[in-house]
Amino acid sequence: MAGQGSSRTILVALAANVGIAAAKFVAAGITGSSAMLTEGVHSLVDSTNQLLLLYGRKRADKPADAMHPFGYGRELYFWSFVVAILVFALGAGVSVYEGVLHILSPEPAVSPLIAFAVLATAFALEGWSTLAALRDFNAARRGSIWQEIRDTKDATTLVILLENTGALVGLVLAAIGLGLSLLTGNPMWDGLASVLIGLVLGVLAVLLLHEAKGL
């Protein structure tokens, strides 16, 4: 049915985010990087979101019955709305909170090479997941990307695509923040990067909330 997207796309995103989250948390523990910790939380939230989308797909596939004569298809849109709330509350909220703490009480990062290696690996995995979502998205696209975001009924692919876009931007910001901390000797930049990651996630979450509510 329309709006259900590809199970393979969800599974690709889930596999990528579980691996990325584990690597980021290990790197955060070793390096003490605030941005790396918030990136780990971000990937953990994304992994939870993919599980919710899989659950929503399963519920949406239930056949019509006496209580729901038109079927359960709209459940997928409800769970997409829940995912958007989680991105806003946990992804964005924790990122900003952790970043502010790190700005107020900055701690220098150690073992930066490990952090950069993890960020590069995460970027490659997120890119793989994004390309899978983009293929599904473009397969149905008839106009501009923005117009398709507004018009699409494929909630699953839209959520994954926007989540992954936020993840890629977050990885770039985390790398810039860590790099500036090392160049200037001021770990405040790492905390600032974490705040910016949270703001990016907040904007994407609001967009997701608006579109999911409309669906």
Please state which of the following conditions TRP79 fails to meet, knowing it meets all the rest: (1) within 19 Å of VAL200 (Cβ to Cβ); (2) touching a Gly at 6+ places or on another chain (Cβ under 6 Å). (1)
Given (1) hydrophobic (A, V, I, L, M, F, W, C); (2) in contact (Cβ under 8 Å) with a residue 24 or more places away in the chain; (3) assigned to a loop (DSSP other than H, G, I, E, B), number of the condition VAL94 does not satisfy: (3)
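Within region 101-111, count every residue that is open to solvent by less than 40 Å² (accessible area, probe 1.4 Å) and either without any contact (Cβ under 8 Å) to a residue 40 or more places away in the chain or assigned to a helix (DSSP H, G or I) (or both).
Number of matching residues: 1.
Is one or more of the residues making up region 119-131 in contact (Cβ under 8 Å) with a residue 12 or more places away in the chain, in a helix (DSSP H, G or I), within 21 Å of VAL159 (Cβ to Cβ) and among the aliphatic types (A, V, I, L, M)? Even if it seems obvious, please write down each step before you answer.
Restricting attention to region 119-131, the residues satisfying the condition of being in contact (Cβ under 8 Å) with a residue 12 or more places away in the chain are 119, 121-123, 125-130.
Narrowing the set further to residues that are in a helix (DSSP H, G or I) leaves 119, 121-123, 125-130.
When the remaining residues are screened for being within 21 Å of VAL159 (Cβ to Cβ), the result is 122-123, 125-130.
Next, only the ones that are among the aliphatic types (A, V, I, L, M) stay: 122, 125.
For region 119-131, residues in contact (Cβ under 8 Å) with a residue 12 or more places away in the chain, in a helix (DSSP H, G or I), within 21 Å of VAL159 (Cβ to Cβ) and among the aliphatic types (A, V, I, L, M): present.
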Scope region 185-207; condition farther than 18 Å from GLY99 by Cα and either open to solvent by 30 Å² or more (accessible area, probe 1.4 Å) or in contact with an Asp or Glu (Cβ under 8 Å, 6 or more places away or on another chain) (or both); matching residues: LEU204, VAL206, LEU207
Answer residue from region 132-146, given it is part of a helix (DSSP H, G or I) and open to solvent by 70 Å² or more (accessible area, probe 1.4 Å) and is modelled with the highest pLDDT among those: ARG135
If we scan region 147-160, do we find a residue that is within 30 Å of ILE103 (Cα to Cα), crowded, with 18+ Cβ neighbours inside 10 Å and not acidic (Asp, Glu)? no
Of all residues in region 87-100, how many are surrounded by fewer than 18 Cβ atoms within 10 Å (Cβ to Cβ), among the aliphatic types (A, V, I, L, M) and at pLDDT 85 or above? 1
Test ALA28 against the criterion of being surrounded by fewer than 24 Cβ atoms within 10 Å (Cβ to Cβ), modelled with pLDDT under 85 and part of a helix (DSSP H, G or I), and give yes or no. yes
Checking GLY56 against (1) touching a Gly at 6+ places or on another chain (Cβ under 9 Å); (2) farther than 15 Å from ALA174 by Cα: exactly one of these is not met. Which one? (1)
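The values are calculated or read from the model by the stated rules, or taken from the named source; none is laboratory data. Fair warning: this is a prediction, and the values are worked out from it, not measured in the lab. Heads up, the Cβs are rebuilt from the backbone with ideal geometry, glycines too, and the neighbour counts pull from every protein chain shown. Accessible surface is based on the protein model in full, side chains and every heavy atom, while ligands, DNA and RNA are left aside. Shrake-Rupley method; radii C 1.70, N 1.55, O 1.52, S 1.80 Å.
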